[in-house]
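So the structure is just underneath, and the comments pick up after that.
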Amino acid sequence: MLKNSVQGYGWVSIAVHWLMAVAIFFMFGLGLYMVELTYYDAWYKGSLDLHKSMGIILMGVWFFRLVWRQLNTKPKALPGPKLEQIAARVGHQFLYILMLLLLLSGYFISTADGRPISVFELFEIPALPWSFDNQEDIVGDIHFWLAWSLIGFVAVHVLAALKHQFINKDGGLSRILKVSK
């Protein structure tokens, strides 16, 4: 099933969810690795170029995911207390906001010097025609804390999914692991 249904998620939603999950963890690990490199390390430029290119691709996937989510049926909420359902809805919205802010901050770091971002040397994303003093450093700090915040929220998201699957036994995790009929 391509699209979502009231019972669960379609394969597009599932594939995009897991693609982004793997990419976010990869990007986080790559970012941690990159901050330890010096300008003279062999993989300094390559890791930076990969991180920037993947960030731009992730931004495109993020926008696709948002549009796909709006155009699709939403699976029914899992049973549970009203407060838990509100927390789930707000938590998902917060994950989307954190992802967007992280991606935008990466763009602002990468274009602080006015140069475009080359995406795998296939095309370029232009820089904005303005910047501010110390943009790379200021936004770099924001990017760092957003990345850690996203990973923290993802950990809570994973724990909630595991709780639904193994404690509540309501199939919460199963819905994003297999296509519903």
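The single residue among Leu50, Leu66, Leu104, Leu19 that is at pLDDT 95 or above, among the aliphatic types (A, V, I, L, M) and under 16 Å from Ile151 (Cα atoms) turns out to be Leu19.
Name every residue in the stretch 8-43 that is polar (S, T, N, Q) and exposed (fewer than 12 other Cβ atoms within 10 Å of the Cβ), in order of residue number. First the steps, then the outcome.
Taking the stretch 8-43 first, the residues polar (S, T, N, Q) are 13, 38.
If the condition is that a residue be polar (S, T, N, Q) and exposed (fewer than 12 other Cβ atoms within 10 Å of the Cβ), then Thr38 is the only one that fits.
Considering every residue within the stretch 56-63, establish whether at least one is aliphatic (A, V, I, L, M) and more than 14 Å from the chain's Cα centre (by Cα). Scanning the stretch 56-63 turns up no residue that is aliphatic (A, V, I, L, M) and more than 14 Å from the chain's Cα centre (by Cα). Just one of Pro81, Pro75 is without any contact (Cβ under 8 Å) to a residue 60 or more places away in the chain and more than 23 Å from Ile151 (Cβ to Cβ); which is it? One residue alone meets the criteria, Pro81. Among the numbered conditions (1) over 18 Å from Asp49 (Cβ atoms); (2) outside any helix (DSSP H, G or I); (3) touching a Ser or Thr at 6+ places or on another chain (Cβ under 7 Å), the only one that Val179 does not meet is (3).
The residues listed here are Phe108, Phe153, Phe144, Phe166; of these, the one that is aromatic (Phe, Trp, Tyr) and under 16 Å from Leu58 (Cα atoms) is Phe108. Given the condition open to solvent by 80 Å² or more (accessible area, probe 1.4 Å), within 23 Å of Gly46 (Cα to Cα) and in a loop (DSSP other than H, G, I, E, B), answer yes or no: does some residue in the stretch 128-148 qualify? No: the stretch 128-148 contains no residue that is open to solvent by 80 Å² or more (accessible area, probe 1.4 Å), within 23 Å of Gly46 (Cα to Cα) and in a loop (DSSP other than H, G, I, E, B).
Among the residues of the stretch 97-137, write down those that are without any contact (Cβ under 8 Å) to a residue 24 or more places away in the chain, at positive phi and touching a helix residue (DSSP H, G or I) at 6+ places or on another chain (Cβ under 9 Å). Once the filter is applied, which keeps residues that are without any contact (Cβ under 8 Å) to a residue 24 or more places away in the chain, at positive phi and touching a helix residue (DSSP H, G or I) at 6+ places or on another chain (Cβ under 9 Å), the stretch 97-137 yields only Glu121. Taking the criterion of being in a helix (DSSP H, G or I) and either open to solvent by 80 Å² or more (accessible area, probe 1.4 Å) or modelled with pLDDT of 95 or more (or both), the residues of the stretch 159-173 that qualify are Leu159, Phe166, Ile167.
For residues that are of a type in the set (A, V, I, L, M) and in a loop (DSSP other than H, G, I, E, B), scanning just the stretch 108-127, find the one that is surrounded by the fewest Cβ atoms within 10 Å (Cβ to Cβ). Working first, answer last.
The first filter runs over the stretch 108-127 and keeps only residues of a type in the set (A, V, I, L, M), leaving 109, 112, 117, 119, 122, 125, 127.
Still in the list and also in a loop (DSSP other than H, G, I, E, B): 112, 122, 127.
Numbers: Ala112: 20, Leu122: 7, Ala127: 17.
The extreme case among them is Leu122.
Scanning the stretch 65-94 for residues that are surrounded by fewer than 17 Cβ atoms within 10 Å (Cβ to Cβ) and either under 22 Å from Lys3 (Cβ atoms) or aromatic (Phe, Trp, Tyr) (or both) yields a total of 16. Count of the stretch 53-64 residues, restricted to those that are open to solvent by less than 60 Å² (accessible area, probe 1.4 Å) and closer than 18 Å to Glu124 by Cβ, is 7.
The values are calculated or read from the model by the stated rules, or taken from the named source; none is laboratory data. If you're wondering where the values come from, they're calculated on a predicted model, not measured in any experiment. Reconstructed Cβ throughout: ideal geometry from the backbone, glycine too, with neighbour counts over all protein chains shown. Just the protein is used for accessible areas: all its heavy atoms, side chains included, with ligands, DNA and RNA removed. Shrake-Rupley method; radii C 1.70, N 1.55, O 1.52, S 1.80 Å.
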